[in-house]
Structure formats: C-alpha cells, structure tokens
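To keep things clear, I will list the structure first and then write my remarks on it.
The values are calculated or read from the model by the stated rules, or taken from the named source; none is laboratory data. Since we're looking at a predicted model, the values are computed, not measured. Every residue, glycine as well, gets a Cβ built from its backbone with ideal geometry; the counts of neighbours run over all protein chains shown. Please note that ligands, DNA and RNA were not included when accessible areas were found on the heavy atoms of the full protein model with its side chains. Shrake-Rupley method; radii C 1.70, N 1.55, O 1.52, S 1.80 Å.
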Amino acid sequence: MSSLDQALRAALAARETLLAQLHSQGTDCYRLFHGSQEGAPGLTADRYGPQLLVQSFHHPVERDDLLQLHATINQALGLELQLVYNDRSGSNSRIDRSDPVYQIEPAALEDQIGHEWGLNYRVRARHPGQDPLLFLDLRNTRGWIKAHSAGKSVLNLFAYTCGVGLCAAAGGASEVVNLDFAEGNLEVGKENGALNPQLPTMQFIQSDYFPAIRQLAGLPVSTRRGQKLPHYPRLEQRQFDLVLLDPPAWAKSAFGTVDLLRDYQSLLKPALLATAKGGTLICCNNLARVELEDWRQQVLRCAEKLGRPVRDCQVIRPADDFPSRDGKPPLKTLRLQL
Ligand SMILES: C[S@@+](CC[C@H](N)C(=O)[O-])C[C@H]1O[C@@H](n2cnc3c(N)ncnc32)[C@H](O)[C@@H]1O
C-alpha cells in the first residue's frame, strides 16, 4: 500500500462519525482528505454530491495514485463518485485545463447538485473560476446562520455563489441581500435560489464592495487620488440585523484594495456601521499567516474605536473534515454580538 493510500485510509477512518452525522443532516459535500494536515501537503479530496474533486497545489498527482485514491474513497463510501481532477500546481493556482493526467468523463462535466444542511447547491466540475462553487470550510458558519436568521434582515457581503444567503433564506430571514461585484458568481447564486424553490426569493446587488458598503453605512464614497470613479449602483443608507463579511485574501479594484493582512479595518468599519444595534456581524479572515488572537484584538479594537463595542465575541471553527494539528485553521471566523 502506498504511503498516500495509507494516509487516505487513516483520514477516512477518522471521519466515520462525522460523515454519518453530516449525512443525517442532509449534507453530502465535505472534505475527505486534507493533505496539509493528513500526510500529503498540497493535496485535497472533496466530495460534492455525486462528484469527487481532487486538487493538487504543489505538484501533479501520479495517475496511478489518483485512480487508487478514487477507488479507495468509492469503496469506503459505498458509492461510485465521478472523478474530477484539478491540477492547480501551476502559477496562481490556476487549473491546468489541458488535463494531461486524467481526462474528465463527459458525464462529470454536466451540471450536478450537491447538498448541505438539507439545501441544494449547484456543483459544476469546470466553470470560468478556479475554486469550487461552494467553500466547504464555511459550513459551520452557514449552519449557524441557518439556525439564527428567523425574522432577521441579512446582508451577505462578498457573497460569491450566495451559500450564506441561501442558509439565511432557509432559516426564515425576513430579507436576504447578497452583494458581490462578479456577475457570474451572482448568477450561480440565482441558480442556487432556483434549486430551492420552497425558499423566499433573495436580492442580489452587483457592486464593488467599497461604494456599496460605504453608502449603506452612511459614509462618503471616496475617490482614489482624485480619479474619476466608474459607475456604481446607488444605495440608501440602512442597517441589517445580521451581516456576513467573508472577503478574499487580496483583491484590487478601482474603488480600493481588499487586503486582509494590512488593512482589515477598511472592510470592517463600514460593515460594523451597516449592522444594527443589537445585531450580529460575522467576519472571516482566511489568511493562514494571520493569528486568530492578533486578528481578534484588531477587530475588537476597531469596533471599540468606532463606538460600536462588541458585547460578545465567539469563534466559529471549521468542522473536523478540516483538521488542524496546531489548532490554527487558515479560515478564522468571529461572531460579534453588537
Ligand atoms: C472568497 S470569495 C467569498 C466567499 C463567500 N463569502 C462564500 O460564502 O462562499 C470572494 C468573493 O469576493 C468577490 N469580490 C472580490 N473583490 C470584491 C470587491 N471589491 N467588491 C465586491 N466583491 C468582490 C469575488 O467576486 C468573490 O465572489
């Protein structure tokens, strides 16, 4: 047995209880192998409903190892998952779409449906973006939101494919607003809404974060060194009961720079102001090199300085399909009660 197969079998054994629990909760999207912590750095294997998505980030997987991994997982789960292999070991973690190691079966390229917390999500093996359409390490946060949205107005910032919005709608939110600047991501969010026709409809705002959140917060939309700003949708100042702030690690636009390492505050401040008194702001930081304690202090200080002190601050940890030997998972999530 190869060392990879051995590591994979140990990972599957460690997940037995968790997988039974997830299946009973209507979830069939989860991480089966988290290589950085389980013996093969740079390799991950995720189940997305009927598909098995294997990704390599450091170097391509050998074809025999890939096929063995697929067989071992199918045997352990008693399923015939469709294999999708994305080698992302090239520059900027871009998928090598020439597929020199393994050609995806045509059936796996068709649109599929995965499930989480009893909701349907669009699963697509290949799409214009690099990442899968649902980030699995945010599952516990989505679960918390589903359980605590009843009667609340919810603002989902950097909404991507609107998984958080969907959970809020399923949890009985009075209103759900998803905000992202990428039309394609919001389109998948709309598809996710349509895949759950029993839920009330969500709203979608296609806008850059900075002008949108500053208008909601009642702050001026600032220009960069006097440059003329591109068009942005006009929004009324208002607050929400529950706000989710889950930005990418780094992104630059005409309106500003998202930089979780150097400047979390310019994202956090307006989000705090757009959260109602007595409301909840859930904020995330997915940069591995940022320490939870340092970031937590920074967040609490920023709220204090803004006159929006935090009454309670709780950490939401990823589930055990994202094990972390040092107790420091890259994705850190704080739930702030204002
Ligand atoms: C890491 S994803 C966020 C994950 C998401 N919160 C979720 O629940 O899956 C990053 C998202 O931020 C969006 N984005 C990046 N910069 C932005 C900006 N300046 N304004 C609005 N959206 C932005 C991208 O289009 C992408 O959908």
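Brief remarks on what is shown
- Cleavage-rule hits, chymotrypsin sites (Phe, Trp or Tyr not before Pro), region 169-244, DSSP coil, Cβ neighbours within 10 Å at most 12: none
- Each residue was assigned an accessible area with a 1.4 Å probe, and for D111 the value is about 80 Å².
- Applying both filters, DSSP loop and at most 11 other Cβ atoms within 10 Å, to the trypsin sites (Lys or Arg not before Pro) of region 236-322 gives R262, R289, R311.
- Extension gain, L18 back to Q130 (0.36 nm per residue minus Cα-Cα distance, nm): 37.6 nm
- Solvent-accessible area of T161 with every protein chain in place, 1.4 Å probe, in Å² to the nearest 10: 0
- Global geometry of region 101-223, whether rounded, prolate or oblate, following the gyration tensor of its Cα atoms and the 1.5 cut on a/c: oblate
- Note: region 136-337, Cα convex hull, 120 Å³ per residue.
- Simple point charges give the picture: +1 on the Cβ of Lys and Arg, -1 on the Cβ of Asp and Glu, and for the chain a dipole about the Cα centre of about 1600 debye.
- Accessible surface of region 3-123 [probe 1.4 Å, protein heavy atoms]: carbon and sulfur percent: 49
- Accessible area (Å², 1.4 Å probe, nearest 10) - V310: 30
- Heavy-atom accessible surface of region 136-337, averaged per residue, reaches 45 Å², computed with a 1.4 Å probe.
- Axial C-alpha extent at least 15 Å, average Kyte-Doolittle at least -1.0 - helices from the chain (DSSP): 3-14, 63-77
- Each label point was placed 7 Å from the Cα along the Cα-to-Cβ direction; for Q297 and E62 their separation is 4.7 nm.
- In the context of the full set of protein chains, residues of region 3-123 present 45 Å² of accessible surface per residue (probe radius 1.4 Å, heavy atoms only).
- Surrounding net charge for E191, when Lys and Arg each add one and Asp and Glu each subtract one, Cβ distance under 9 Å: 0
- Fully extended contour minus Cα-Cα distance, from E236 to R97, at 0.36 nm per residue: 45.7 nm
- Calculated log₁₀ intensity ratio I(q)/I(0) where the Debye formula runs over C-alpha points of the chain, q = 0.12, 0.14, 0.15 Å⁻¹: -0.88, -1.18, -1.33
- 37 °C / 0.692 mPa s Stokes-Einstein diffusion coefficient of region 3-123, Kirkwood radius on C-alpha pairs, µm²/s: 223
- Normalised by the number of residues in the chain, the average gap of Cα pairs under 8 Å and 6 or more apart makes the relative contact order 12 percent.
- Two-site label geometry, A288 and E110: point separation in nm, points 7 Å out along Cα→Cβ: 3.7
- Distance between region 74-118 and region 298-338 - C-alpha centres, whole angstrom: 32
- Its Cα centre serving as origin, region 29-88 has a Cβ charge dipole (Lys and Arg +1, Asp and Glu -1) of approximately 180 debye.
- Taken about its Cα centre, region 136-337 carries a charge dipole of roughly 600 debye when the Cβ of each Lys and Arg holds +1 and the Cβ of each Asp and Glu holds -1.
- Share of carbon and sulfur in the accessible heavy-atom surface of region 136-337 [1.4 Å probe, %]: 49
- If you take the Cα centroid of region 187-214 and the Cα centroid of region 24-39, the two points sit 27 Å apart.
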